[in-house]
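What follows is a set of notes on a single structure, which appears directly below.
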C-alpha cells in the first residue's frame with residue numbers, strides 16, 4: 001500500500017497529540033465495554049492508543065485486530081504493544097477503515113477517524129454488514145464545537161481568511177446526538193448511546209498549539225495548499241482572538257468529543 005499523509009507526520013503526531021488523546025481513547029473503551037472472548041476490530045487505529053485498555057477489558061481472551069492505512073502508524077503500534085505486557089495476541093494490518101477482513105465482529109471501533117472518511121455511510125454500512133448478532137459499532141469523534149475553544153478559534157480564523165477551506169472545520173457540528181443518529185440510520189444502524197466527554201489539554205503557548213495542529217493530516221494539507229505566508233496570516237488571526245492576544249498566551253482547555261454506540265437497526 002502506498003505511503004499516505006499520516007506516514008509523513010507520525011513523529012510529530014506522536015509527540016504532540018498521542019499523550020493528550022489517550023484519556024479520550026480510554027473513555028471510548030469504557031463506554032463500548034469490550035468483553036472477554038469477543039472479536040474486536042479497531043479501524044483507523046493509528047499508533048494503537050486503545051489497544052492496551054481493550055486487551056485489559058477483554059482479560060486476554062478473544063480476538064483483537066487493529067488496522068490503519070498508514071504503514072508507519074502500524075509499525076509504531078507494533079513497537080507499542082511489544083513491551084506493554086499485553087497478554088493476548090493482537091493482529092496488526094495495513095487496511096482501509098471500511099475493510100472488515102471478511103470476518104464477523106462483536107465490536108468495531110473507530111476513534112477520531114470518522115470525519116476523515118470520504119464515504120462515511122459506505123464505511124458504516126460495511127461495518128453493519130460485518131457485525132455478529134448483538135454486535136455494536138463504537139465511534140469517537142471531535143465535537144460538538146466549543147465556540148471559544150482553540151480548535152474553533154483556528155477554524156473561525158480559517159473560515160474568515162479562506163472560506164473554501166474553512167468548511168472543513170465545521171464537521172464538529174455533526175457530533176450532536178441528532179446528527180450522529182441520522183448518519184447511523186442512513187447506514188442501517190441504530191444509535192443506542194451518545195455521550196460527550198472532555199479531558200484537559202494544556203499548551204505552554206498558543207504558538208505551540210498552532211504548531212501541533214500541523215502535525216495532523218488535515219492541517220498539513222492546508223499548509224500545502226496555502227503556503228507559508230498565508231499560514232502565517234492564519235496564525236496571526238488566531239492569536240488575535242485570544243485573551244490576551246499573543247502567540248505566547250498559555251492554553252488550558254477541555255475539548256468536547258462525542259462517543260456514539262450503535263447496533264444493527266431492527
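Throughout, read-outs are computed from the coordinates displayed, never taken from laboratory work. What you see is a predicted model; the values in this text were computed from it and never measured. Every residue, glycine among them, receives a Cβ derived from its backbone with ideal geometry; neighbour counts consider all protein chains shown.
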Subject >> Projected label distance in nm at residue 132 and residue 223, using a 7 Å step from Cα toward the beta-carbon >> reply: 4.3
Original post:
What order do you get for 243-250, 55-62 when each peptide is scored by the mean count of other beta carbon atoms within 10 Å, highest first?
Top reply: 55-62, 243-250
Original post:
How far, in degrees from 0 to 90, does helix 18-32 lean away from the longest principal axis of the Cα atoms of the chain, to the nearest 10?
Top reply: 40
Original post:
Hey, what angle do you get for helix 5-16 against the long axis of the chain, alpha-carbon based, 0 to 90 degrees rounded to 10?
Top reply: 80
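Quick one: which of 125-131, 115-121 comes out on top by average Cβ neighbours within 10 Å, and what's the full order, highest first? Could you put the intermediate results ahead of the total?
Numbers: 125-131: 19.3, 115-121: 14.3.
The peptides rank, most packed first, as 125-131, 115-121.
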**OP:** For segment 188-261 and segment 14-71, write down the distance between their C-alpha centroids in whole Å.
**Re:** 23
**OP:** Please determine, in degrees from 0 to 90 and to the nearest 10, the orientation of helix 120-129 with respect to the longest principal axis defined by the Cα atoms of the chain, where the helix direction is its Cα long axis.
**Re:** 10
**OP:** Return the distance in nm (one decimal) between the two label points of a simple spin-label model at residue 96 and residue 20, each offset 7 Å from Cα along Cα→Cβ.
**Re:** 3.1
Subject >> Mean shadow area of segment 1-53, taken as a quarter of the surface of its Cα convex hull (nm²) >> reply: 4.6
Subject >> Calculated [θ] (222 nm, deg cm²/dmol) that DSSP helices of n ≥ 4 give over the chain, each run adding -39,500 (n - 2.57) >> reply: -12500 deg cm²/dmol
Original post:
Efficiency by 1/(1 + (r/R0)^6): what FRET value for residue 56 and residue 4, r their Cβ-Cβ distance, R0 = 35 Å, to the nearest 0.05?
Top reply: 0.70
**OP:** With a ≥ b ≥ c taken as the square roots of the eigenvalues of the C-alpha gyration tensor of segment 14-120, please select rounded if a/c is under 1.5 and otherwise prolate if a/b is larger than b/c or oblate if it is not?
**Re:** rounded
Original post:
Where both partners of a DSSP beta bridge lie in the chain, what percent of those bridges are antiparallel, to the nearest 5?
Top reply: 50
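Classify segment 117-253 as rounded, prolate or oblate from the Cα gyration tensor: take a ≥ b ≥ c as the square roots of its eigenvalues, call it rounded if a/c is under 1.5, otherwise prolate when a/b beats b/c and oblate if not. Mind showing how you got there, number by number?
Working: a/c = 2.68, a/b = 1.95, b/c = 1.37.
Verdict is prolate for segment 117-253.
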